[in-house]
Amino acid sequence: MKEPLYVITLFSDGKIKPIYFIWNNRRLKIENITYNWRTVDENGINQHFSVISGSFYYHLLFVTSMSRWYLTEVESTLA
């Protein structure tokens with residue numbers, strides 16, 4: 001899964017902080033960023049964020065060279 005996504009983001013002091021995202025015509029507030037990391041590929045540096053909204057984990061990907069966000073994974077927080 002690599003679905004384009006609209007993300008309201010705070011860029012401050014060289015850091016990226018996603019605040020909200022729009023998915024399936026819903027605005028979802030990011031309640032917690034559980035983990036973030038960087039990878040490098042042919043597009044350059046990619047920023048990854050594992051976030052919680054409601055009862056789901058979302059994996060958000062920011063492709064820095066294109067300034068684009070993608071949703072790559074959704075998983076329930078309920079066991």
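No lab work stands behind these numbers, since they all come straight from the coordinates. What you see is a predicted model, and the numbers here were worked out from it, not measured in a lab. Ideal geometry is used to build each Cβ from the backbone, glycine not excepted, and the neighbour counts take in all protein chains shown.
Numbers below:
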| item | result |
| --- | --- |
| Cα-only radius of gyration and Dmax that characterise region 3-76, units Å | 11.7, 34 |
| Rel. contact order, % - alpha carbon contacts under 8 angstrom, at least six apart, the chain | 25 percent |
| 5 angstrom amide H check on residue 9, placed H, neighbours 5+ away | 19 |
| Whole-Hz ³J(HN,Hα) from phi, Karplus 6.51 cos²θ - 1.76 cosθ + 1.60, for region 18-35, glycine and proline x | x, 10, 9, 9, 10, 9, 6, 6, 10, 8, 10, 7, 7, 7, 7, 9, 7, 6 |
| For residue 30, distant residues with modelled amide H under 5 Å away | 20, 21 |
| Peptides 67-78, 41-52, 4-15 ordered by average Cβ neighbours within 10 Å, highest first | 41-52, 67-78, 4-15 |
| Karplus-derived HN-Hα couplings along region 2-13 (A = 6.51, B = -1.76, C = 1.60, θ = phi - 60°), whole Hz, x at Gly and Pro | 8, 9, x, 9, 9, 10, 7, 10, 9, 10, 8, 6 |
